[in-house]
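The values are calculated or read from the model by the stated rules, or taken from the named source; none is laboratory data. In this text the structure is predicted, and so the values were computed from the model without any measurement. Here the Cβ positions follow ideal geometry from the backbone for every residue, glycine too, while neighbour counts run over all protein chains shown. Heavy atoms of the whole protein, side chains included, go into the accessibility calculation; ligands, DNA and RNA do not. Shrake-Rupley method; radii C 1.70, N 1.55, O 1.52, S 1.80 Å.
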Amino acid sequence: MKRNIVITGGAGFIGSHVVRLFVNKYPEYNIINLDKLTYAGNLANLKDVEDKPNYKFVKMDICDFDAFYQLMQDEKIDGIIHLAAESHVDRSIKDPFTFAKTNVMGTLALLQAAKLYWESLPDKYEGKRFYHISTDEVYGTLSMNHPEGVEPPFKTVASSEGHKAYGDNFFYETTKYDPHSPYSASKASSDHFVRAYHDTYGMPTIVTNCSNNYGPYQFPEKLIPLFINNIRNRKPLPVYGKGENVRDWLFVEDHARAIDIIFHEGQVAETYNIGGFNEWKNIDLIKVMIKTVDKILGNPEGHSLDLITYVTDRLGHDARYAIDSTKLQKELGWEPSLQFEEGIEKTVRWYLDNQEWMDNVTSGDYLKYYEDMYKTI
Ligand code: NAD
Ligand code: DAU
């Protein structure tokens, strides 16, 4: 079946993996990557699919209601997979306005344009879908009532060797929203707007909340690519606070596969949590990264441990995230494909093998390189 799908934020980290998956898997679809190309958007992430006949890039701000409404009509859009957002917590602490504008008002602009277009059609919302990608951070923070770690109630392929849980509590789809950072507050607000468009107008919406992603093409302001690059360059590794905060990590391609399954088979108006039951204290994860980079670079074991530098904690730093994704696994048969240590090794190798990508991003050259091209699009 032919479908006309807009993927917003397709030039970013997760979006580029989703675009690649859809373009390669569904040659009969018309896939439009809509991205403003902020500092986080980089078309080099999609070099391998940019010439495919079912792929098109449109440079647009999601806050531009008129432009998006026109695009909906021109391209007869029947599916929206919405990833475009400001995504970095530290930036949100410094500049919350940009987060409210993009994440809240931008999402609202997409919803309203989709509503007006779809309601103007004879079959209205039939066969349409507005799928909003959100985060586990909207649920707030979990207590660490087992600080030394306990045997977890669940394991998946992603769960690391000797996997532990740091509490007996998890984020469920029914967990009450309790966001703490300006980033998570803006994502929570956008999630509420999406659900409101279903409840008020009957728009066929879906929301998913995913844990921390890692893998190729992640902007090196985020922990894993930043630290891999700093270890390689013998630069300090700034560990916030005591390094004891816990995050739940999922390989990005497993997230993209979940998005594919949920877009096609998920129930309208439902929420699905996406995660691999793979909790790590930051400091333990950092030691795994150091070990992996040192091994690949041929350094003696422990060589880069001296780079660990404890710094002032992030304001409002959430203690622990841990997602329960049982619903998605049971109802739609998704499960992660990659064990964590394998995923980290694959990721480290990718960044070390793609130094040109990293150098372009860290120097800002990728922004200049595309400047002229943007003008012609
Ligand atoms: P990212 O920062 O790497 O990419 C965001 C993309 O959105 C960029 O290409 C950027 O140019 C684009 N964008 C930003 N503002 C825009 C605007 N106004 N108009 C159009 N495009 C704009 O982010 P990511 O890590 O890939 O996250 C993608 C989505 O997934 C976000 O909604 C985020 O909240 C969510 N999410 C991320 C994670 C994670 O671990 N990274 C986990 C769960 C959910
Ligand atoms: O949980 C999902 C979220 O994961 C997504 O919604 C966000 O978009 C994504 O950025 C990510 O948020 P985090 O804040 O968890 O990711 P980040 O990589 O910034 O930080 C991971 C942990 O590492 C966190 O506890 C803060 C810590 N940290 C981070 C950086 C950048 C450090 O100790 N030092 C650092 O330099």
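Roughly how tilted is helix 182-201, in degrees to the nearest 10 and between 0 and 90, from the longest Cα axis of the chain?
With both axes taken from Cα atoms, the answer is about 30 degrees.
Any idea what the alpha-carbon Rg over 2.2 N^0.38 Å comes to for region 1-113?
Cα-based Rg divided by the globular estimate yields 1.04.
Solvent-accessible area per residue for the chain at a 1.4 Å probe radius, Å²?
Details: 15740 Å² over 377 residues.
I get 42 Å² per residue for the chain.
Beyond a 21 Å Cα-Cα separation, which of these cross-linked pairs lie in this structure: Lys187/Lys235; Lys25/Lys155; Lys235/Lys287?
Those over the limit are Lys187/Lys235; Lys25/Lys155.
Name the long-range amide H neighbours of Leu250: under 5 Å, sequence gap of 5 or more, or other chain; modelled H, no Pro or chain starts.
Asn212, Asn213, Tyr214
Under the definition of Cα pairs under 8 Å and six or more residues apart, what whole-number percent is the relative contact order of the chain?
Numbers: 723 pairs, mean separation 69.4, N = 377.
Worked out over the chain, it gives 18 percent.
Angle, helix 282-297 long axis vs. longest principal axis of the chain, Cα atoms, 0 to 90°, nearest 10?
Roughly 80 degrees between the two axes.
Between Arg234 and Asp284, what is the FRET efficiency for a Förster distance of 25 Å, r being their Cβ-Cβ separation, to the nearest 0.05? List each step's numbers first, then the result.
On the way: r = 22 Å, r/R0 = 0.87.
E between Arg234 and Asp284, to the nearest 0.05, is 0.70.
Please give the calculated 222 nm ellipticity per residue for the chain, where each DSSP H segment of at least 4 residues contributes -39500 (n - 2.57) and the sum is spread over every residue; nearest 500 deg cm²/dmol?
-12000 deg cm²/dmol
Using amide H atoms built in the peptide plane, which far-off residues or other-chain residues are under 5 Å from Asn4 H to H?
Result for Asn4 returns Asn30, Asp78, Gly79.
Near Lys124, which lysines are there with a Cα under 22 Å away, not counting those fewer than 8 places off in the same chain?
Hits, sequence-local ones excluded: Lys2, Lys76, Lys115.
Taking 0.36 nm per residue of separation and subtracting the Cα-Cα distance, what length does fully extending Ile296 through Leu367 add? Kindly include the intermediate steps, with their values, before the conclusion.
Values: separation 71, 0.36 × 71 = 25.56 nm, distance 3.01 nm.
Residue separation times 0.36 nm, minus the Cα-Cα distance, leaves 22.5 nm.
What whole number of Å gives the distance from the Cα centroid of region 288-342 to the Cα centroid of region 1-71?
Here the answer is 28 Å between Cα centres.
Using the alpha-carbon atoms, what tilt in degrees (0 to 90, nearest 10) does helix 252-265 show relative to the longest principal axis of the chain?
30
For the chain, give the percent of accessible area contributed by carbon and sulfur heavy atoms, probe 1.4 Å, rounded to a whole number.
Roughly 53 percent of what the probe reaches on the chain is carbon or sulfur.
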